[in-house]
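Only one structure is covered here, and it is reproduced in the block below.
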Amino acid sequence: MSIHHKSNWELLKNGMFGENTIFRMAISLCPSIAVTNGLKNGVALGVSVMFVQTMVNITVSAMRKFIHPKIRIPIFMLVIAGYVTIIDMLMATYARAVYREIGLYIQIIVAFASIFARAEVFASKNKIIPSFFDGLGMGIGFLLAMIVISFFRELLGKGELWGISFVSGNPLLIMILPAGGFLAVGLLMGFFNWVDIKFYGGKGASGAG
Amino acid sequence: MDFVKLFELVVAASLINNFVFTRFLGLCIFFGVSRKMETAVGMSITFTAVMVVSAALSWVVYEKIMIPLDLTFLKIIIFIGIVAAFVQSADTIMKKVSPALYYKLGVYLALITTNCIILAVPLINAGEKYNFFESLAFGLGSGLGFALALVIMASIRERLEVADVPAPFRGLPISFIIAGLIALAFTGFSGLITL
């Protein structure tokens, strides 16, 4: 009883572009601003989310026949929280420096709407393999968005990339301030909408809010 | 009990470390419900109430159950469980006791579980080792700060309805840019109180 009729590649692509978590769906926005003041932090959180998203999709899909629909919400929450705890502990042990800066946001992954939404919408109704690709695609899409935002913010705000400085002179300090995060995401979102309207004849992202 | 410290915590949590504008939490809800003043106010009231109660509940569970039993590594799972259970029961109780209030605010209750602030406050309380009243003050300040942000944003977005915004920026992108400008103003609060 599977409702999916897309190839695995299409599933991947859908997550990466068509339903990109941040720019198209406009959910899970908190980290897109909070941890994108440097490429390193952005990538660390992006990879964590990718891991959690994929594992949650696989787990929920594997258990979909045993989960009673009435209590599915707490069950999904527990599955997500379990994987987040794993990544939280791994980061705390092996990536101390990064963890000190973004630890809170790693723990907050539990409350991400995007992960929950994929478990509910896709994984609970599909077989394991498509669920894996769906989760991976969503994760990659999120990671890409994080890379794009943090690339611009670190480059403009500090004149550095991955902590290596190569632009001399005064950087645009506002970009790494909190305000710069909002501006960067707003401008990038506007840009992607413009591309969509101009070249694909779309109507721009509707977004949740 | 040190009232000055508590007052400072409330001010710090609501203005200086405003969750929306300097910690970037709860953005989904922030952009989701700030379209109309009415929903913004409803959300603010519900949210502040839930915030204070769940800060108190999770403090009790953390200090009295998790630390003695050495279960602190499970704090993410337990806190989200507490919040979800509390919101669910508040929903049920409100429906029975006060249908009128439920009709007005019930819809926001359901939304609250997806708000990251609700999880961040217990986690920060535990991390900073606040005592019971400090946890309450921090929860209250966070709730008030979120309410303030929502009301400011809603009043701007209501005016935005009649503004002529370029097509690609309509809706969310322009809201982000406005939030950026407000955040810039909030930077002015930094250094007001040093804890």
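The values are calculated or read from the model by the stated rules, or taken from the named source; none is laboratory data. Computed from a predicted model, the values in this text were never measured in an experiment. When we count neighbours, we look across all protein chains shown, and the Cβ atoms used for this are built from the backbone with ideal geometry, even at glycine.
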- Item | Filter result (surrounded by 15 or more Cβ atoms within 10 Å (Cβ to Cβ) and at pLDDT 80 or above) within the stretch A:192-209 | A:Phe192, A:Asn193, A:Trp194
- Task: Identify, from the list A:Leu161, A:Leu136, the residue that is in contact (Cβ under 8 Å) with a residue 24 or more places away in the chain, in contact with a Ser or Thr (Cβ under 6 Å, 6 or more places away or on another chain) and more than 24 Å from B:Phe21 (Cα to Cα).
- Result: A:Leu136
- Task: Scan the stretch B:166-195 for residues that are of a type in the set (Gly, Ala, Ser), within 11 Å of A:Pro178 (Cβ to Cβ) and touching a residue at least 40 places away in the same chain (Cβ under 8 Å) and jot them down.
- Result: B:Ala179, B:Ala183, B:Ser190
- Item | Filter pass, B:Ile76 being in a helix (DSSP H, G or I), within 19 Å of A:Ile109 (Cα to Cα) and either hydrophobic (A, V, I, L, M, F, W, C) or touching a Cys at 6+ places or on another chain (Cβ under 9 Å) (or both) | yes
- Note on the structure: For the stretch B:33-57, pairs from a residue that is more than 13 Å from chain A (Cβ to nearest Cβ) to a residue that is surrounded by fewer than 18 Cβ atoms within 10 Å (Cβ to Cβ) and among the charged types (D, E, K, R), with Cβ under 8 Å and 6 or more apart or across chains, are B:Met37/B:Glu158; B:Gly42/B:Lys104
- Message: Looking at the structure I just gave you, is A:Lys158 closer than 30 Å to B:Pro166 by Cβ, basic (Lys, Arg) and within 11 Å of chain B (Cβ to nearest Cβ)?
- Response: no
- Message: Given (1) of a type outside the set (Lys, Arg); (2) buried (at least 20 other Cβ atoms within 10 Å of the Cβ); (3) assigned to a helix (DSSP H, G or I), identify the lone condition not met by A:Asn126.
- Response: (3)
- Considering each residue of the stretch B:151-179, count those that are in a helix (DSSP H, G or I), farther than 24 Å from B:Ser14 by Cα, more than 10 Å from chain A (Cβ to nearest Cβ) and not hydrophobic (A, V, I, L, M, F, W, C), and give that number. 1
- Note on the structure: Of the candidates A:Ile128, A:Ile106, the one satisfying the condition of being within 16 Å of the chain's Cα centre (by Cα) and at pLDDT 80 or above is A:Ile106
- Message: Quick check on the stretch A:15-42: of everything there that is more than 10 Å from chain B (Cβ to nearest Cβ) and closer than 18 Å to A:Met175 by Cβ, which residue is modelled with the lowest pLDDT?
- Response: A:Ile22
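Taking the conditions exactly as written (aromatic (Phe, Trp, Tyr) and closer than 24 Å to B:Leu111 by Cα), does A:Phe17 satisfy them or not?
No.
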